[in-house]
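Engineer: Below is one structure. I have some questions about it.
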Amino acid sequence: MIIYNVTINIDENVHDEWLVWMRDKHVPDMLATGKFTHAKMAKVLVEEEMGGITYSIQYTAQDRATLDSYYKEDAERLRADGQKRFANKFVAFRTELEVISQQIP
């Protein structure tokens, strides 16, 4: 399994609108690509010096090939929507994580 993690710091002035858009539009659109089995959104509890509110959104893909397929077929289109709606109001960085093990009690 591969976790595609997107960490976003969003300006407080557009936070509420962005959060609704993420939950109701963007995350469902990401899942609708069929490339991810599920998504998890978490608020980062550490305050950033630059201000804003930070979130981590983790999308789980079955394997590297599936994630590469997302990059090739969907990433540009899905990123463009957020960039257009919230231009200059957020900073994002992306990380890829390979799941080595998972333990559930």
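Engineer: In segment 1-20, what count of residues is obtained for those that are of a type outside the set (A, V, I, L, M) and part of a loop (DSSP other than H, G, I, E, B)?
Structural biologist: Going residue by residue through segment 1-20, those that are of a type outside the set (A, V, I, L, M) are 4-5, 7, 9, 11-13, 15-18.
With part of a loop (DSSP other than H, G, I, E, B) added as a condition, the list becomes 11-13.
Count: 3.
Engineer: Tally time: how many residues in segment 81-105 are open to solvent by less than 50 Å² (accessible area, probe 1.4 Å) and either part of a helix (DSSP H, G or I) or touching a Lys or Arg at 6+ places or on another chain (Cβ under 7 Å) (or both)?
Structural biologist: Qualifying residue count for the region: 2.
Engineer: If you don't mind, there's one more thing I want to ask. Applying the selection to segment 21-48, what residues are open to solvent by 70 Å² or more (accessible area, probe 1.4 Å) and assigned to a helix (DSSP H, G or I)?
Structural biologist: Pass one, segment 21-48, residues open to solvent by 70 Å² or more (accessible area, probe 1.4 Å): 23-25, 32, 37-38, 40, 43, 45-48.
Once the filter is applied, which keeps residues that are open to solvent by 70 Å² or more (accessible area, probe 1.4 Å) and assigned to a helix (DSSP H, G or I), segment 21-48 yields R23, D24, K25, A32.
Engineer: Which is open to solvent by less than 100 Å² (accessible area, probe 1.4 Å), out of contact with any Ser or Thr (no Cβ under 8 Å at 6 or more places or on another chain) and in contact (Cβ under 8 Å) with a residue 12 or more places away in the chain, of D11, D74? Break it down stepwise before answering.
Structural biologist: Values: D74 fails: out of contact with any Ser or Thr (no Cβ under 8 Å at 6 or more places or on another chain).
Step by step, each of D11, D74 is checked, and only D11 is open to solvent by less than 100 Å² (accessible area, probe 1.4 Å), out of contact with any Ser or Thr (no Cβ under 8 Å at 6 or more places or on another chain) and in contact (Cβ under 8 Å) with a residue 12 or more places away in the chain.
Engineer: Would you check which residues across segment 49-63 are surrounded by 12 or more Cβ atoms within 10 Å (Cβ to Cβ) and out of contact with any Ser or Thr (no Cβ under 6 Å at 6 or more places or on another chain) and list them? Working first, answer last.
Structural biologist: First pass over segment 49-63, keeping only residues surrounded by 12 or more Cβ atoms within 10 Å (Cβ to Cβ): 52-62.
Passing the criteria: G52, I53, T54, Y55, I57, Q58, Y59, A61, Q62.
Engineer: For segment 41-61, which residues satisfy the criterion of being farther than 18 Å from I100 by Cα and not aliphatic (A, V, I, L, M)? Steps first, answer last, please.
Structural biologist: Just the residues of segment 41-61 that are farther than 18 Å from I100 by Cα, to begin with: 41-57.
K43, E47, E48, E49, G51, G52, T54, Y55, S56 - these are the residues of segment 41-61 that are farther than 18 Å from I100 by Cα and not aliphatic (A, V, I, L, M).
Engineer: Now, a different point. Looking for something closer than 23 Å to Q102 by Cα, out of contact with any strand residue (DSSP E or B) (no Cβ under 6 Å at 6 or more places or on another chain), at pLDDT 95 or above and not in a helix (DSSP H, G or I) - is there at least one such residue anywhere in segment 62-69?
Structural biologist: yes
The values are calculated or read from the model by the stated rules, or taken from the named source; none is laboratory data. Since the structure is predicted, the reported quantities are computational estimates derived from the model, not experimental observations. Glycine gets a Cβ as well: all are built from the backbone with ideal geometry, and neighbour counts include every protein chain shown. Quick note on the areas: whole protein, heavy atoms, side chains included, nothing else; ligands and nucleic acids left out. Shrake-Rupley method; radii C 1.70, N 1.55, O 1.52, S 1.80 Å.
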